[in-house]
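Report on the structure given below.
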Amino acid sequence: MRTARMENGTVTMTLGEVDRLARRVLTQHGLSGDHVDAVARTIVAGERDGSASHGVYRLLVAVNTLRTGKVDPAIEPIITRPAPALVKADAGGAFAQLAIERALPVLVDSARTNGIAALAVNRCIHFAALWPEVEMVVAEGLVALATTPSHAWVAPAGGHRPLLGTNPIAFGWPRPGGSPFVFDFATSAAARGEIELHRRAGKPIPAGWGLDADGQPTTDAQAALDGAMLTWGGHKGSALSIMVELIAGPLIGDLTSAESMAWDAGAGASPYGGELIVAIDPAGFLGPAAAEHLARAETLFGAMAAQGARLPGARRHANRAVSMEEGVRIPSALHRDILALLDT
Ligand code: NDP
Ligand code: PYC
């Protein structure tokens with residue numbers, strides 16, 4: 001492995017170096033087979049796109065989960081099609097990535113045949129962002145929606161004790177020629193990973209992100225991690241979060257965030273449960289008129305840009321272009337903590 005370049009509290013690495021480091025760490029901690037490729041791919045992609053809370057920091061999270069024994073490091077996913085427009089991927093207690101990668105081509109095929117299709121990924125350990133799977137579907141010219149519960153870390157609006165997950169929702173829309181319109185965010189005011197990064201950096205969190213263990217507003221990252229996180233948009237984010245609990249929990253026969261937390265029993269592993277991914281083929285409703293109608297979406301995006309507003313996803317794609325040329329800069333302390341995983 002080439003020696004990484006250090007400067008101003010950061011370490012610069014090429015994407016190839018990040019990939020090799022990720023594979024070494026994951027393999028050393030017992031992950032095996034195609035899981036190593038799939039998990040490394042998602043971690044490298046996060047770092048490449050500047051998704052700091054879901055980039056190489058996730059190596060610490062994934063190794064922590066492997067150490068708990070809560071994740072199966074080797075089991076192969078089982079993909080089935082219980083109905084023409086329904087796909088199931090049983091991850092069997094492994095990380096979600098391999099099940100998702102294996103099931104997405106089946107989902108895409110089903111959406112093309114039926115106009116719309118849904119994939120339930122079941123019994124997976126989830127530590128990742130959702131935009132990678134949304135972008136994979138969108139790259140096939142389809143519209144995509146993905147969501148998953150997590151652990152009970154977030155208080156419902158009007159409450160003050162953790163009950164809901166950070167419950168991300170990701171949506172993607174294909175664009176001819178340009179990078180896709182993709183948003184992906186937690187229904188909590190920020191992802192838990194973002195608060196963890198504030199704690200690591202010794203930085204306060206913005207007001208409105210969390211309550212301490214006594215239910216009082218706090219800007220102390222550790223206190224919010226020990227207390228309750230808050231949803232964005234008050235009752236609106238709270239209701240969306242509950243929707244996520246329902247459609248990616250009981251609707252697909254999997255756990256709510258509270259059930260995932262109970263399963264964890266204090267081990268500190270990543271959340272366990274399901275993810276729902278829906279794919280819609282524009283040609284399903286529109287047939288040959290699909291291109292004409294997708295062009296109207298471009299008018300909408302153009303009007304946004306004309307006001308100086310940017311499209312979600314644009315920052316990541318700009319980061320991607322830079323990272324592929326120049327590599328990525330990782331905080332030295334994080335780099336040191338990751339290298340330490342190779343010694344343990
Ligand atoms: P953010 O609050 O940072 O929001 C990210 C989204 O908003 C991105 O799509 C981003 O686009 C877009 N965005 C941000 N600023 C702007 C702007 N000014 N104009 C237009 N769009 C903007 O993310 P979160 O902290 O809520 O979540 C981060 C990640 O954590 C997500 O990827 C999510 O999937 C992951 N997560 C995973 C969980 C799990 O259980 N697996 C649980 C919770 C979160 P861009 O990227 O281009 O900036
Ligand atoms: O950042 O909230 C989070 C998170 C949970 C699972 C993966 N990421």
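The values are calculated or read from the model by the stated rules, or taken from the named source; none is laboratory data. Computed from a predicted model, the values in this text were never measured in an experiment. Heads up, the Cβs are rebuilt from the backbone with ideal geometry, glycines too, and the neighbour counts pull from every protein chain shown. Side chains included, ligands, DNA and RNA excluded: accessible areas come from the protein's heavy atoms. Shrake-Rupley method; radii C 1.70, N 1.55, O 1.52, S 1.80 Å.
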| query | Of all residues in the stretch 169-207, how many are under 21 Å from Pro271 (Cα atoms) and of a type in the set (S, T, N, Q)? | reply | 2
| task | Go through the stretch 197-235 residue by residue and tally those that are touching a helix residue (DSSP H, G or I) at 6+ places or on another chain (Cβ under 8 Å), part of a strand (DSSP E or B) and over 21 Å from His54 (Cα atoms). | result | 2
| note | For Gly69, the lone unmet condition from (1) under 21 Å from the mean Cα position of the chain (by Cα); (2) closer than 22 Å to Leu26 by Cβ is (1)
| message | Can you tell me which residue is nearest to ligand 1 (Cβ to nearest atom) among those in the stretch 135-171 that are closer than 18 Å to His317 by Cα and not aliphatic (A, V, I, L, M)? | response | Phe171
| request: Starting from residues that are more than 9 Å from ligand 1 (Cβ to nearest atom) and either among the aromatic types (Phe, Trp, Tyr) or within 11 Å of the chain's Cα centre (by Cα) (or both), keep the ones in the stretch 172-189 and report whichever is farthest from Ala321 (Cα to Cα). | output: Trp173
| message | Just to be sure before I move on: is Ala289 open to solvent by less than 20 Å² (accessible area, probe 1.4 Å) and either of a type outside the set (Ser, Thr, Tyr) or within 26 Å of Gly158 (Cα to Cα) (or both) in the structure I sent? | response | no
| query | So is Arg296 part of a helix (DSSP H, G or I), basic (Lys, Arg) and buried (at least 19 other Cβ atoms within 10 Å of the Cβ) or not? | reply | no
| task | Could you tell me which numbered condition Ala40 fails, if it satisfies all but one of (1) in contact (Cβ under 8 Å) with a residue 40 or more places away in the chain; (2) crowded, with 19+ Cβ neighbours inside 10 Å; (3) in a helix (DSSP H, G or I)? | result | (1)
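Out of everything in the stretch 73-131 that is among the polar types (S, T, N, Q) and more than 16 Å from the chain's Cα centre (by Cα), what residue ends up being most open to solvent (accessible area, probe 1.4 Å)?
Thr113
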| said: With in contact (Cβ under 8 Å) with a residue 12 or more places away in the chain, open to solvent by less than 60 Å² (accessible area, probe 1.4 Å), in contact with an Asp or Glu (Cβ under 9 Å, 6 or more places away or on another chain) and not assigned by TED's automatic domain parsing to the domain that holds Ala170 as the only criterion, which of Gly313, Gly249, Gly273 stands out? | reply: Gly313
| request: Can you confirm whether the stretch 190-200 contains a residue that is more than 9 Å from ligand 1 (Cβ to nearest atom), open to solvent by 60 Å² or more (accessible area, probe 1.4 Å) and more than 30 Å from Ala291 (Cα to Cα)? | output: yes
| note | When every residue in the stretch 157-187 that is more than 16 Å from Ser51 (Cβ to Cβ) and within 16 Å of ligand 2 (Cβ to nearest atom) is compared, the one most open to solvent (accessible area, probe 1.4 Å) is Leu163
| field | Criterion (touching a Pro at 6+ places or on another chain (Cβ under 9 Å), part of a strand (DSSP E or B) and more than 16 Å from ligand 1 (Cβ to nearest atom)) met by exactly one of Ala89, Ala117 | value | Ala117
| Residues that are farther than 24 Å from Ala139 by Cβ, part of a helix (DSSP H, G or I) and open to solvent by less than 60 Å² (accessible area, probe 1.4 Å), drawn from the stretch 316-336 | Ser332, Ala333, Leu334, His335
